[in-house]
Structure formats: structure tokens, C-alpha cells
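Before any comments, here is the structure.
Every number here is computed from the coordinates shown, using simple stated rules; none is lab data. Keep in mind that what you see is a predicted model, and the values were worked out from it rather than measured. Cβ coordinates were reconstructed from backbone atoms using ideal geometry, including for glycine residues, and neighbour counts include every protein chain displayed.
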Amino acid sequence: MRIQLVNDHFSGGGAEVHLHGLSTLLNSAGHQTDILHGRKHPIHYASMLFNPWLYLVALRRFRAFGPDVVHIHKYNLLWSIAPFLAAKHLGIPVVCTTHDFSAVCPEGWMTRGDASVCEKGFGGHCFNSRCLRSTSLALDGYRRYNSLRLALQIPVLRRTVKTFTAPSKFLADWVGRLYPGVPSVALPLFIEAPDALSPASTLPDALTLFHAGRIEKEKGLQFLVEAISKVPGVRFRIAGEGGHKASLQDLSSRLGVADRVDWLGKLPRERVLEECRNAHLAALPSLWVENAPVFVLEAMREGCPVAASRVGGYPDLIEHGRNGFLVERGSVDAWSELLRTEARGFDRVRFGLEATRKIARDHSPELFLERILSIYGN
């Protein structure tokens, strides 16, 4: 089978890691893949609605490669509807993987202005209601522009996509609601199994949390810093950079926990995995609605249990009290209670082994390959 993979960018975050892993997985199984990624020229706001230049690029590439199926991943930053229309023109079936909420929410956060999770999904209210991300007139205007863009995209995708897939049931259900008549399948991401199920041997004495990713307000790290100030002895190690870093550093100083919060900066992947192996818990106190971060899978694969907000796709990955913990979103008290309890005695070995077993059971490359080939063939 020949599979044309399409993505906004060649490298970047978790979606791009998955894209290249999928290409390798398919090639190793005897299939042929080609990756088509976008370029910023000529990109501007109008062309993000429809870019005729990228449409022609996709058309030429599809004709040259002759795929049996076009598998589109992230598209909203550059490609927009161009590859969908090109595939439709050539009569090639399209599978679309929604890695985030941009296919159902113009903000991509699914979070309203009062920080509650949106229960409506995309609709006319998106042009008027102020969401969590709309903190200025400029961002308000950008939300309305994205609402217009999504309103134009939805009918195109309804007519061109054969099957949607999403890494979490939460997102797959939302896509199914907005694109009725098009199958929407929850297909967990895959990750290579560890070489051995071995517990960490260098855990520190103090309960140690680790977070890796963008340091922005929506990530909710402020709730965890406040929770740490209420529980003596807990350490928090943070890898990454972002616009909210200075504010969090100031907060940790004001709360008297600056000596217990370690700022590691941006780390290479191997260092991130090492930090996971040497932490008691990976922590994701997300305020916005997350889907299925690759960081969660990698932490669990390394035997590091995950504590995360009970929102979005996290409950698909975390079995509370078995391989990790689900915590009330945006609650300092809930995080404090968890930390206080686990600081008294956390069986990290048992939780870590359960986390690793879940990855081996539900996220193996072999299982993913079987399911994605079935989707391609249907």
C-alpha cells in the first residue's frame, strides 16, 4: 500500500514525532510512504482560508506518488483545506487524524472565558463568546477569524474525509458530533515498549514532580506551585520555556518555595526521559483541555506514573489510583491533598510498573499498525 502523509510542518511537537514514527512503522511493514509538509511561502491570513499555491503543490505530489490513501495530520496552520480538495479531485480516499481540538474549536482550547470546559462545541456563539484565550481585542479578532475559517472548513471535511481518527475517545466523540456521517475512531497513539520493566534506582528521598513542555498559563503550573507551598518537602522540576515562566518564578519566590522549584530550561529528549525515570510523578495540571500528549506516554513508558487534571483525554490514559492520578482541574486544594497523601508514602515502583504495562498493552506499534491498516482498507 502507498500512503501519502500530510502535515503542516516536518518537525516540531508530538504530532510530528508521531508522523515520523508512523512513516517508519509503515515502511518497516512493507508499505511505501511519502511525507508532504508545508512551507510558509506564500502564507498570510487570507491564504489560510484557502491557498491555491499549496493546492497545486498537493495535486502535483499526489499525482507523482500515486497513493492509495492520503493521511492528513495537522493542517490548520498552513494547509487548511488544500490537501483535502486535491485528494477529492483525484478520487483518493482521505483519513484525517485530529491531534488537537482545532477541528472542533476555533481556539483549540475547548475552554470558556470563566475557565469551564466548553459543552457546546463549535457554533454561532464562537463568534461572540469570549473564551479563555481571548484576553485582548487582537485575540478576540483572531478567534472570530478562526471561527470563520472553521465554518468554511467543516463542510469541506464532511465531504472529503472517509474516516477521522483521534488519540482520545473524548476528542473522537467531539469530532463525531461536528462531522455527522463520517466515522470518528478513537485510535491511541503508539510508542515503542521499553527494553525492560525495571524500577528506577535513583529516586530522591523527597517526593519529586517533573513537568516538560511549554510554560504557559493554560498549562496550569501555577496551581501546582501553590500546592507545593502548602506541602513541605516536595520538589518540582520543570523543563521547557515559555511566556509564563517569569510569572511562575515570581510566584514561587513570593510563596517561599523558590528553593524547591528547579528550572531546567529546554532539554533534549534523552534528558527528558532521564528526568522521568528519576521522578516520583510526572505532573500535568492543565487548565485547558488536553488531548493525548506524547509526554504522558513517554513518562509512563519510562515507569513514571502521571498525575494530571481530570479533563480531556487524560482519563483515557490514566487509571486513577492504579497507574497514576486524576486531579480536579484548577484546584490548588486537590493538588495539595494528593501531594500531602503521597509524600507520606508513595509506592512508586508499583504505580510505575502498572504505567509501563499499560503502555505495552494499549499503545504497542503492532496494535496500532493493525488498526490503522484496517482503517486505510475500509
Connecting every pair of Cα atoms under 10 Å apart in the chain and solving the GNM, the largest mean-square fluctuation among Ala239, Ala292, Ala282 falls on Ala239
Amide H neighbours of His71 under 5 Å, counting only residues 5+ apart in sequence or on other chains, H built in-plane at 1.01 Å? Gln4, Leu5, Val6, Val95
I need the trypsin sites (Lys or Arg not before Pro) found in the stretch 271-378, filtered to DSSP loop residues with at most 14 other beta carbons within 10 Å of theirs. Arg322, Arg344
If I fit a long axis through the Cα atoms of helix 365-377 and take the longest principal axis of the Cα atoms of the chain, what angle between them do I get, 0 to 90°, rounded to 10? 30 degrees
Just to check I understand the Karplus step: with θ = phi - 60° and J = 6.51 cos²θ - 1.76 cosθ + 1.60, what whole-Hz values come out for the stretch 267-274, glycine and proline as x? 10, x, 4, 5, 5, 4, 5, 5
Which of the pairs Lys169/Lys219; Lys88/Lys162; Lys74/Lys219 have their Cα atoms more than 19 Å apart in this structure? Lys169/Lys219; Lys74/Lys219
Contact order relative to length for the chain, counting C-alpha pairs under 8 Å separated by 6 or more residues, stands in percent at 14 percent
Among (i) 34, 22, 20; (ii) 36, 25, 17; (iii) 39, 28, 18, find the value of semi-axes √(5λ) of the Cα gyration tensor in Å that was calculated from the structure presented, and write down its label. (ii)
Relative contact order of the stretch 113-178, defined on C-alpha pairs under 8 angstrom at six or more residues apart (%): 29 percent
For the stretch 260-306 and the stretch 85-105, what is the separation of their C-alpha centers, rounded to whole Å? 30 Å
